[in-house]
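Single-structure report; data block below.
Any read-out appearing in this document is the output of simple, stated calculations on the displayed coordinates, not a laboratory observation. All of these numbers come straight from a predicted model, not from anything done at the bench. Note that we place each Cβ from the backbone using ideal geometry, even for glycine, and neighbour counts take in every protein chain shown.
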Amino acid sequence: MGGAPEIAPELAEWSALFASGAGRRARAEAGIRGAASRRDADDLIRDVAMFLRLVERMLVLQPVLPQPRQEGAAADGPSAGADMSDAG
């Protein structure tokens, strides 16, 4: 099934749903006529839109905490000033 169930178990059903279409997707990518019907395409578009809304909602609900500073990090490194508020 891939890595999604281990990383986000709450998305395991979605992972299975999208994995179940792998054969159809491979036939469509190979240019085989009739690999998917118009209804199949409409269903997939609807499922993908629902999946994206769910993931977007999950990302909004999970606060991103600031990363702790590492001891001995150079003051002029790539994260220098990252935690300073905008003065402008």
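If each of R33 and R46 carries a label point 7 Å out from its Cα toward its Cβ, how far apart are those two points in nm?
Distance between the two pseudo-spin positions: 2.8 nm.
Per residue of the range 25-33, in order, report the coupling 6.51 cos²θ - 1.76 cosθ + 1.60 (Karplus, θ = phi - 60°) as ³J(HN,Hα) in whole Hz, putting x for Gly and Pro.
4, 4, 5, 5, 5, 7, x, 6, 5
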